[in-house]
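Engineer: Provided herewith is a single structure, encoded as structure tokens, for subsequent inquiry.
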Amino acid sequence: MTRLQLATRDTFRSLGTRNYRLYFGAQAISVSGTWMQQIALAWLVLQLTGSGTMLGLATALQFVPILLGGPWAGVLADRVDKRRLLVLTQVLAGILAVALGVLVATDLVRLWMVLVMSFAFGCVVAVDKPARQTFVLEMTGPDDLTNAITLNTVVVNAARVIGPAIGGFLIAGVGIALCFLLNGLSYVAMLVALSLMRPDELFRGRRAARSPGQLREGLRYVWRTPELRIPLLLMVVVGCLAYEFQVSLPLLARYTYGGDATTYGYLSAAMGIGAVVGGLATARRTEASARSLVRSAFAFGAVLAGVALAPSLPLAMVALLLTGVASIRFVATANAALQLRAAPEMRGRVMALWTVAFLGTTPVGGPIVGWVGETVGPRWALGLGSLATLIAAAAAARALGRLRVEPAQPVSVDADAAVTLTAASQATPAVVAARLPARSAR
């Protein structure tokens, strides 16, 4: 076998699992539609209001349910069949997308309708995300989890190239409504994939039994586990002020470079291309350590500063390529480290908190970034995210450096849980490095 064949096999090894292969293909279609809708929604709000603050509000409303209800959604994900829950969320999301498309096509849409629909989408996503994140492990098992998470992120960012590019051309040539309608149809692909999966081939973990205080139990578990607490706090800052591209990039396209929806599509596509390239490189790695997490956070903050300082559109696109590379490495590393470190019966609640940190902070960060972009300038909005990321990464490195070497304590002595944790640790031994002093772990 040639070196190229070996590299390809390592990069795409999780696709050898049939259930995950079905999911991967459907995800590519569905997420492309989601990104198409994102650019259409942003441009619709700008058309109706011309306000960066209102754009930030519309974006924030999509994530208020995640902020408020995300932890309870994690409890639900730990209790129920995740595949059936995902079927429900896909149906609801498709109905909402088609409804918004009809309102736009018939010229009945008003700003308050867009805000209500944004909130409704957020409610669906709040339930969907924890189940979707933890379902990856059920499809692949612990050995291929890091690879599968990275390939998922590659799909999302490849869709960021395809979706906004198609969306920009459709908006300019046909109109905004078609973007929403096509997104509604894209959910059919995921429904088909979920129905074709073989349940007996899933790596099902032990479900959490119904009992009072499960949400508090999950919060206490995360807080007393530094390897979970510190990455989540890091993501709170980064997710709140840096990952607000659905606000900052439309403002950058329109007010800094004097462009239109196509310009916004180019900026999003540039970042997506970088993320795809970075993701394919990251997919070969099995490392999910604290050291690599902080390193990728520093890199992300640095290249984001380059976007803010870019004097021209071509240079901004180059900086966004690098931003995509650093972004996917940061997100994939943090996601895998959290899932592998969490006890099986706590994994849904841990990943729900990850969703709150990554997406649920947008109701706070979206309006802030929108206001800064509107009143001071889009470059300053991006610079705020860069500075926040660099400061948070430095604080995380310092906190992790003070950790003593201690054996991980699973939340339960259940035999199946212990076996799963052991397998996960063997699959990615670099996770152990998260508990070493700074000079060796970070």
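Engineer: Take the residues in segment 296-346 that are of a type outside the set (A, V, I, L, M, F, W, C) and out of contact with any Ser or Thr (no Cβ under 9 Å at 6 or more places or on another chain), then tell me which one is nearest to LEU145 (Cα to Cα).
Structural biologist: GLY324
Engineer: Which of the residues belonging to segment 104-117 are in contact (Cβ under 8 Å) with a residue 24 or more places away in the chain and either surrounded by 15 or more Cβ atoms within 10 Å (Cβ to Cβ) or more than 17 Å from VAL45 (Cα to Cα) (or both)?
Structural biologist: Listed by number, the residues that qualify are VAL104, ALA105, VAL109, LEU111, VAL114, LEU115.
Engineer: Same structure, new question: For the list (1) at pLDDT 85 or above; (2) in contact with a Ser or Thr (Cβ under 9 Å, 6 or more places away or on another chain), I need the number of the one condition that ARG110 fails.
Structural biologist: So ARG110 meets the others, but not (2).
Engineer: Separate question: Please specify each residue of segment 166-190 satisfying the condition of being out of contact with any Phe, Trp or Tyr (no Cβ under 9 Å at 6 or more places or on another chain) and not in a helix (DSSP H, G or I).
Structural biologist: Of everything in segment 166-190, those that are out of contact with any Phe, Trp or Tyr (no Cβ under 9 Å at 6 or more places or on another chain) and not in a helix (DSSP H, G or I) turn out to be VAL174, GLY175.
Engineer: Mind telling me which of the residues GLY122, GLY69, GLY94, GLY74 ends up being among the small types (Gly, Ala, Ser), under 30 Å from PRO378 (Cα atoms) and assigned to a helix (DSSP H, G or I)?
Structural biologist: Just a single option satisfies the conditions, and that option is GLY122.
Engineer: When you look at LEU359, is it surrounded by fewer than 24 Cβ atoms within 10 Å (Cβ to Cβ), within 14 Å of the chain's Cα centre (by Cα) and either part of a helix (DSSP H, G or I) or not hydrophobic (A, V, I, L, M, F, W, C) (or both), yes or no?
Structural biologist: Spelling it out, LEU359 is indeed surrounded by fewer than 24 Cβ atoms within 10 Å (Cβ to Cβ), within 14 Å of the chain's Cα centre (by Cα) and either part of a helix (DSSP H, G or I) or not hydrophobic (A, V, I, L, M, F, W, C) (or both).
Engineer: Test GLY258 against the stated conditions and say whether it is out of contact with any strand residue (DSSP E or B) (no Cβ under 8 Å at 6 or more places or on another chain), free of Cβ contacts under 8 Å to residues at least 40 places away in the same chain and part of a loop (DSSP other than H, G, I, E, B).
Structural biologist: Yes.
Engineer: Hey, can you tell me all the residues within segment 128-147 that are more than 14 Å from the chain's Cα centre (by Cα) and either acidic (Asp, Glu) or assigned to a helix (DSSP H, G or I) (or both)?
Structural biologist: Residues satisfying the conditions are PHE135, LEU137, GLU138, MET139, THR140, PRO142, ASP143, ASP144, LEU145, THR146, ASN147.
Engineer: Could you check, for segment 278-298, whether at least one of its residues is assigned to a helix (DSSP H, G or I), buried (at least 22 other Cβ atoms within 10 Å of the Cβ) and aromatic (Phe, Trp, Tyr)?
Structural biologist: The answer is no; no qualifying residue exists.
Engineer: Exactly one of (1) surrounded by fewer than 22 Cβ atoms within 10 Å (Cβ to Cβ); (2) more than 17 Å from the chain's Cα centre (by Cα) is unmet by LEU67. Its number?
Structural biologist: Condition (2) is where LEU67 drops out.
Engineer: Still on this structure, please answer the following. Could you check segment 332-345 and list, in sequence order, the residues that are outside any helix (DSSP H, G or I) and crowded, with 24+ Cβ neighbours inside 10 Å?
Structural biologist: ALA342
Engineer: With ALA299, ALA326, ALA275 as the choices, which residue is in contact (Cβ under 8 Å) with a residue 24 or more places away in the chain, touching a Gly at 6+ places or on another chain (Cβ under 8 Å) and under 18 Å from ILE391 (Cα atoms)?
Structural biologist: ALA326
Engineer: A further question on this structure: Name every residue in segment 310-331 that is under 23 Å from the mean Cα position of the chain (by Cα) and surrounded by fewer than 18 Cβ atoms within 10 Å (Cβ to Cβ), in order of residue number.
Structural biologist: VAL318
The values are calculated or read from the model by the stated rules, or taken from the named source; none is laboratory data. The structure displayed is predicted, hence computed values, not measured ones. Note that each Cβ is placed from the backbone with ideal geometry, even for glycine, and that neighbours are counted across all protein chains shown.
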